[in-house]
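Let me begin by presenting the structure, written as structure tokens, before commenting on it.
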Amino acid sequence: MMPASAAGFPYLGTELNAVEDIAYPRLSCWLHCLRDSLYAAGVRDTARALAQPLNFVVERTPTGELLTLYGGQDTDYHAPRFQRGVTARWETSPDDPDRPDTALDLVRRELARGHAVPVSPELSGMRHSEYYRIPFFGYPHTLLVHRLEAGRAFVADRNTRKGSGFEDNRGTIGLAELRAGMAGAPVLVWDAHEPQADWESELGRLLERSVRQMTEPVEAQAGLAGLLDLPGVIEELAEAGERRSLLRTRVSGPLQRHVSGDRHLLARVLADDALLRSRGARTAALAADTAGLLGRSSDAVLDLARAVFLLAGSWSAETLELCRRRVRELHTVETRVVDGLAGLC
């Protein structure tokens, strides 16, 4: 495998890590890919464009088994909703055994439009990936295809194996591997238009929906009440034979990747928003305070994720109590966040 660190290949590398003061590890992989694609195409207002309403959901299978946790970044995953003229939708790549090369037709179409392409292929057959030879479970991972050449694809992927040949999240993979992984797999097709709505109405929707999802959730274990259920969710895994894996992949990892991000992005939006500052000193102060609380909330989610990760490695009453304490601290901050958002609506 050849490193792909040449000029003109900026995606998922260090070049955009400080863009708009967004901490890229707190973006879900699919939004991370979309953010970099947009920025490379000239969109400079990605924080406001991609910000999502707050949410927290304990997701279970129809039989009641814990599947994952997710926040606002993944609430509308299957039908994404954005601001500032950004739109996106998932399309399925062709899967024709008699014409295997058509699996990349959709990718080629989007590359021809000048867009880098976020894709979610079957990764178990891709040797560069952390998920090589690992059966798929849960939400698909997204990587970014930048260009195709004879026999190879230039991609950016933040989840790679050691020895993959990738540098700074970027490298090449065999075109045959990508073709096999893309058959029947989803592609994120995106566009950046002129905004059809003013920012005041878009921000109002973000704030109002955040408050509603956290205080009037549709799901059984969701919102502020769902947070209080987390210790029980953690304890129920104590009896599971794969406790270590389950706690890390279905609790700790999703907290870090899928829950902290919406808090972080919305904090960045509120902290710098000219519209809110223009509404007078009281609103400006409330926006600044709420942005600070959102930052604390995002950090508290990460603290909880670390505690759960420790619990997975060594189950003990002390570490379990640490998890409970982290949940209580998070709930306290989240309650204040929701009050602040309600005051800004």
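The values are calculated or read from the model by the stated rules, or taken from the named source; none is laboratory data. Please read these numbers as outputs of a predicted model, since none were measured by experiment. Reconstructed Cβ throughout: ideal geometry from the backbone, glycine too, with neighbour counts over all protein chains shown. Just the protein is used for accessible areas: all its heavy atoms, side chains included, with ligands, DNA and RNA removed. Shrake-Rupley method; radii C 1.70, N 1.55, O 1.52, S 1.80 Å.
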*asked:* All but one of (1) more than 17 Å from Thr14 (Cβ to Cβ); (2) at pLDDT below 95 hold for Val189; state the number of the condition that does not hold.
replied: (2)
*Quick check, is Leu54 open to solvent by less than 50 Å² (accessible area, probe 1.4 Å), of a type outside the set (S, T, N, Q), within 30 Å of Glu334 (Cβ to Cβ) and modelled with pLDDT of 95 or more?*
yes
*So Ala291 clears everything in (1) at pLDDT below 95; (2) under 20 Å from the mean Cα position of the chain (by Cα) except one condition, right? Which one?*
(1)
*State yes or no: is Gly114 open to solvent by 10 Å² or more (accessible area, probe 1.4 Å), out of contact with any Gly (no Cβ under 8 Å at 6 or more places or on another chain) and over 30 Å from Ser297 (Cβ atoms)?*
yes
*From (1) modelled with pLDDT of 90 or more; (2) over 16 Å from Trp30 (Cα atoms); (3) part of a loop (DSSP other than H, G, I, E, B); (4) open to solvent by 10 Å² or more (accessible area, probe 1.4 Å), pick out the condition that doesn't hold for Pro80.*
(2)
*Among Tyr70, Tyr11, which is the only one that is modelled with pLDDT under 95, part of a loop (DSSP other than H, G, I, E, B), aromatic (Phe, Trp, Tyr) and open to solvent by 10 Å² or more (accessible area, probe 1.4 Å)?*
Tyr11
*Assuming Val233 fulfils every condition listed in (1) open to solvent by less than 10 Å² (accessible area, probe 1.4 Å); (2) under 27 Å from Arg48 (Cβ atoms) apart from one, which condition is it?*
(2)
*If Glu59 passes every condition in (1) within 19 Å of Val251 (Cβ to Cβ); (2) outside any strand (DSSP E or B) but one, which one does it miss?*
(2)
*In the stretch 239-266, what residues are open to solvent by 30 Å² or more (accessible area, probe 1.4 Å) and acidic (Asp, Glu)?*
Glu239, Glu242
*Take the stretch 299-345 and flag every residue that is in contact with a Leu (Cβ under 7 Å, 6 or more places away or on another chain) and among the polar types (S, T, N, Q).*
Thr319, Thr335
*Kindly indicate the residue of the stretch 141-153 that is farther than 21 Å from Leu31 by Cβ and under 25 Å from the mean Cα position of the chain (by Cα) and also modelled with the highest pLDDT among those meeting that condition.*
Ala153
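The rows are residues; the columns are (1) of a type outside the set (A, V, I, L, M); (2) open to solvent by 60 Å² or more (accessible area, probe 1.4 Å); (3) closer than 22 Å to Glu208 by Cα.
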position	(1), (2), (3)
Arg268	yes, no, yes
Leu275	no, no, yes
Thr283	yes, no, yes
Leu286	no, no, yes
Ala291	no, no, yes
Ser297	yes, no, yes
Phe309	yes, yes, no
*asked:* Residue under question is Arg250, and the condition is that it be farther than 22 Å from Leu322 by Cβ and within 16 Å of the chain's Cα centre (by Cα); does it hold?
replied: no
